[in-house]
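FYI, it's all coordinate maths here, none of it is from the lab. This one's a predicted model, so the numbers in the text were calculated from it and none came from an experiment. Positions of Cβ are generated from backbone atoms using ideal geometry, with glycine treated the same way; all protein chains shown enter the neighbour counts.
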Amino acid sequence: MENGKTIALVPRVAVVVFLLRGKAVLLGRRRSSVGDSTFALPGGHLEFGESFEECAARELKEETGMDFDKKKMELLTVTNNVFSEQPKPYHYVTVFMRGVLADGDDQLPQNLEPTKCDGWDWYDWANLPEPLFWPLEKMVKSGFNPFPN
Ligand code: 8DG
Ligand code: MG
Ligand code: MG
């Protein structure tokens, strides 16, 4: 949280996750000055010393209470997301991971950060909600598909 302080204009690293279940992915509607009310993946900022896998697992746990199958986590792609407009310019290098839940599919997502998200749900890839958070929308429009062949 920046708490209204002046923000240094530096790129930051985010790790976000395509959590897959059948043909669906987990999305939540954001409550944030960045991308407010758009649908986005679980994820957050890479902390000092963390691996991408550790960050993905920590953010999924913090935001939804759920656990990955750690053996099946994979790096999918990285995108460069520059938003230069006022009132809040930001620049994220976003690392997209893919994962599935540990212990089958019986874990239920909880909304553990209700000030940051309206709630989590599964959405069919063929029928994604709108509006998507723009870094995700950009990927979908380019034909990106997070599912294994
Ligand atoms: P933290 O304090 O828990 O580390 O951070 P957070 O509150 O969970 O951060 P976030 O906004 O959820 O994620 C950090 C940034 O990642 C976000 O501001 C922009 C970038 N980002 C993307 N695409 C996505 C996405 O689909 N979901 C999320 N959550 N963040 C994304 O570029
Ligand atoms: Mg977070
Ligand atoms: Mg987050």
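Quick notes on this one:
- Strands (runs of 3 or more DSSP E) wholly inside the stretch 1-118 that include at least 3 residues being within 16 Å of ligand 2 (Cβ to nearest atom): 12-21, 24-30, 43-45, 90-99
- Checking each residue in the stretch 102-135 for being more than 14 Å from ligand 1 (Cβ to nearest atom), touching a residue at least 24 places away in the same chain (Cβ under 8 Å), exposed (fewer than 14 other Cβ atoms within 10 Å of the Cβ) and of a type in the set (S, T, N, Q) picks out only GLN110.
- Count of residues meeting criterion [touching a Phe, Trp or Tyr at 6+ places or on another chain (Cβ under 8 Å) and within 16 Å of ligand 3 (Cβ to nearest atom)] in the stretch 84-109: 6
- Hey, LEU60 surrounded by 14 or more Cβ atoms within 10 Å (Cβ to Cβ), under 23 Å from PHE144 (Cβ atoms) and within 14 Å of the chain's Cα centre (by Cα) or not: yes
- Looking across the stretch 119-133 at every residue that is within 14 Å of ASP36 (Cβ to Cβ) and not in a strand (DSSP E or B), the one that is farthest from the chain's Cα centre (by Cα) is identified as PRO131.
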